[in-house]
Structures are given as structure tokens and as C-alpha cells.
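Student: Mind looking over this structure? Questions follow.
The values are calculated or read from the model by the stated rules, or taken from the named source; none is laboratory data. Computed from a predicted model, the values in this text were never measured in an experiment. All Cβ positions, glycine included, derive from the backbone under ideal geometry; neighbour counts span all protein chains shown.
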Amino acid sequence: MPMTPNDVVLAVEDLRKTYGATRAVDGVSFEVRRGEIFGILGPNGAGKTTTVECLQGLRRPDAGEIRILGLDPARDLAVVKRRIGSQLQESALPDRIKVWEALDLFSASVDGAAPWESLIDDWGLRAKRNAQFGSLSGGQKQRLLVALALVNRPEVVFLDEMTTGMDPVARRVAWSLIERIRDDGATVVLVTHFMDEAERLCDRAAIIQAGKVVAIGTPDELRSTHGDTVTVTFNGDEKDRALAAKVQGVESATIDETAAVVSPSAGAASTEGGIEARGRGPIGVRIAASLAKAGREPADYAVTRPTLEDVYLAITGDVDADEDTDRHAAKGATP
């Protein structure tokens, strides 16, 4: 369904930012809809952090147009700051400030601030209420920084690698709270390296590589571009392979002559052949219908759907830069 202007809370068109010879952001364009969790994914050095910093007015882009809540963050920064919340990748507080002091200080500077006592409970910081920031673990620091980002009841919340350093239980709690932020009416822009996190949380996501958006869509839409794998195990021969290969959407069908099959009755392994078909669309259903029509009854039949991580690695390659080069290039540069 086409979006109306009222549906779009963040619009980015042909965004560009260069540091010396490094093109950190090279023509990024996307839109974020009201009330969704929008993911920004990509390898280290892809341009994610620079993009997010430009969206919040923390860095001035070299070219392109940004509209957040109808405002230009470069021109209307004071207004934008009052309407957004931000947990940045390298945020920090004075080591000696206590958890409750930080929340109380931030609340005092905001009109209509959220009750900071409830934020302490929401983000699991009650036991650390009187602890100094410098004594907190990495995950606890992240939780406090997210709580601070929510003090002003923002309409748009930016979360950059927010679950880094959290243990698995804390991550799950954080996911639930992010969904609650969305359910309470805010729009969330989530930068993450964790594909399970993106798959669980994101309504839509953009994959950025080398400063460009290389894919965008819902997790299901992104997975569908990778294609399902259907494995059919029985006495495979060329006739069977040809049958699978003719199904609409199948791009390849191969025979594995050494496929191991476990007999349900005896539990013994045999070496009957297996046919593996790869393709796009609902090929699992189509192959099943084709087999039934031909009177074939396979010993085993499995459809494997790609995960978002499979798609991500297929698009970006299984290679990450050693450092987030767009962020490091930005250090010392003029915003």
C-alpha cells in the first residue's frame, strides 16, 4: 500500500558524507513509517553510524535531503532534539554520576518528562539505583543510556547497537521493551549487528554496504529474495531430477547419490539418493504437488527457509572490516 505524507516520519534522499578520500555515505535513500521499528543493518564501516548521526543533526551531510517529523535536522535542530530520543554507540556519562542522578538530571531539563522511577524499573536498574556510572557493566550502561533516551517521551527513538554487551536474558528483556516503545506510539530506528535481533524486532530493514542501500524491505521480503531450498530424499535418478527441475520457480535441481536416509522402522541408514532443488517463491508446495501428481512418495521431504542472516551474508559477504571506518574517519572531523 502506498504511503501518504502523514505515514512518513523520516525521509532520506540521496544522503552523502565524505571524510577526505572516504565516502562514508554515498547516496543513501529510504523512508521510515510512523509507528514501525526500522532496522539499519550492515558490516563495520558500511556507513551506518554516519547516516544515523546525520539524521539527528549531529553531523552535517555534504549533500542530500533529510526530513524528520517534517523538519530539517540541520536547520531545526533545537526542535528536533526535543522530539527525538537517542542512544548513541559511544555515549558516555561522568564515571561518578549515580544512576538515579543521571535520570533525575535529564528529567529536570525536559518539559513533560517521563517518570524516571518507572524507567529504572523498566530497564532493570532498580538494584543499581545508587551505583556510579563507572562501576556499571557494559550491559547496564547500555540500559541506562536507553532509559535516558526515553526521558523526553520521544516520537522517534534512535538505538545504535543498544544490546551490545548484554547477556542473553537481558537482550530478550530489552527486545520486549523496544516492542513496547513501538506499541506506545513511537517510531524506532534500530542499528544492529545482530540478525536474530533484526528478524525478531524489525518491521522493515535496510542493508547498507559501502555507503549505499543494497536491499530494503520486511524480513520476509528480504528472505524471499534468497529463495527456499527443498530437499527430497528417495531413489533419486535423472527422471526424478527432471521432474523437480520443471517446477515453476526452481532454479536448480541436483542429485546427491550419498544422501543418508534413516528408516523409521529399523532406524538403519541407507545410501539412497537425494534431490536438492533451489529456487524462489513457494517451490515447496509446487514440488509436493508435482510429486503427488506423478505418484511419487519420497522417504523424506524438507523445506529450508533462509534466515535473515543467510540473506545478509549473501548480500554483504562474510567479511567485516576490523574497525567501523566511517565512525573512525569522522573522529576529529567537523560536523
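Student: For the stretch 148-169, state whether one or more residues are in a helix (DSSP H, G or I), assigned by TED's automatic domain parsing to the domain that holds residue 50 and surrounded by fewer than 20 Cβ atoms within 10 Å (Cβ to Cβ). Working first, answer last.
Tutor: Our first condition is that a residue be in a helix (DSSP H, G or I); within the stretch 148-169, this holds for 148-149, 168-169.
Restricting the remaining residues to those that are assigned by TED's automatic domain parsing to the domain that holds residue 50 gives 148-149, 168-169.
Restricting the remaining residues to those that are surrounded by fewer than 20 Cβ atoms within 10 Å (Cβ to Cβ) gives 168-169.
Looking through the stretch 148-169, at least one residue is in a helix (DSSP H, G or I), assigned by TED's automatic domain parsing to the domain that holds residue 50 and surrounded by fewer than 20 Cβ atoms within 10 Å (Cβ to Cβ).
For every residue, the table says whether it meets (1) at pLDDT 90 or above; (2) part of a helix (DSSP H, G or I); (3) in contact with a strand residue (DSSP E or B) (Cβ under 7 Å, 6 or more places away or on another chain); (4) not assigned by TED's automatic domain parsing to the domain that holds residue 18.
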position: 64; (1), (2), (3), (4): yes, no, yes, no
position: 67; (1), (2), (3), (4): yes, no, yes, no
position: 75; (1), (2), (3), (4): yes, no, no, no
position: 78; (1), (2), (3), (4): yes, yes, no, no
position: 89; (1), (2), (3), (4): no, no, yes, no
position: 96; (1), (2), (3), (4): yes, no, yes, no
position: 113; (1), (2), (3), (4): no, no, no, no
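Student: Kindly indicate which of 242, 288, 253, 215 is within 30 Å of residue 21 (Cβ to Cβ) and either in the same structural domain as residue 26 (by TED's automatic domain parsing) or at pLDDT below 80 (or both).
Tutor: Numbers: 242 fails: within 30 Å of residue 21 (Cβ to Cβ); 288 fails: within 30 Å of residue 21 (Cβ to Cβ); 253 fails: within 30 Å of residue 21 (Cβ to Cβ).
Criteria check complete, one pass: 215.
Student: Right, another one. For residues in the stretch 98-110 being touching a Lys or Arg at 6+ places or on another chain (Cβ under 8 Å) and in a helix (DSSP H, G or I), which is surrounded by the fewest Cβ atoms within 10 Å (Cβ to Cβ)?
Tutor: Among them, the one singled out is 100.
Student: Restricting to the stretch 47-66, and then to whatever is over 15 Å from residue 18 (Cβ atoms) and among the aliphatic types (A, V, I, L, M), can you tell me which residue is surrounded by the most Cβ atoms within 10 Å (Cβ to Cβ)?
Tutor: 55
Student: For the stretch 118-134, give me the residue count where each residue is of a type in the set (S, T, N, Q) and either in contact with a Cys (Cβ under 6 Å, 6 or more places away or on another chain) or in contact (Cβ under 8 Å) with a residue 12 or more places away in the chain (or both).
Tutor: Step one: list which residues in the stretch 118-134 are of a type in the set (S, T, N, Q), which gives 118, 130, 132.
Those left that are additionally either in contact with a Cys (Cβ under 6 Å, 6 or more places away or on another chain) or in contact (Cβ under 8 Å) with a residue 12 or more places away in the chain (or both): 130, 132.
Total satisfying the criteria: 2.
Student: Being surrounded by fewer than 23 Cβ atoms within 10 Å (Cβ to Cβ), touching a helix residue (DSSP H, G or I) at 6+ places or on another chain (Cβ under 9 Å), touching a residue at least 40 places away in the same chain (Cβ under 8 Å) and of a type outside the set (Lys, Arg), is that true of even one residue in the stretch 70-81?
Tutor: no
Student: With the structure loaded, tell me whether residue 106 is among the aromatic types (Phe, Trp, Tyr), within 17 Å of the chain's Cα centre (by Cα) and assigned by TED's automatic domain parsing to the domain that holds residue 154 or whether it fails that test. So that I can check it myself, show each step before the final result.
Tutor: Working: among the aromatic types (Phe, Trp, Tyr): yes; within 17 Å of the chain's Cα centre (by Cα): no; assigned by TED's automatic domain parsing to the domain that holds residue 154: yes.
No, not satisfied.
Student: Which of the residues that make up the stretch 181-209 are in a strand (DSSP E or B) and closer than 12 Å to residue 39 by Cα?
Tutor: Across the stretch 181-209, the qualifying residues are 187, 188, 189, 190, 191, 204, 205, 206, 207, 208.
Student: Another question about this same structure. If residue 7 passes every condition in (1) out of contact with any Ser or Thr (no Cβ under 8 Å at 6 or more places or on another chain); (2) closer than 21 Å to residue 152 by Cα but one, which one does it miss?
Tutor: So the condition that residue 7 fails would be (2).
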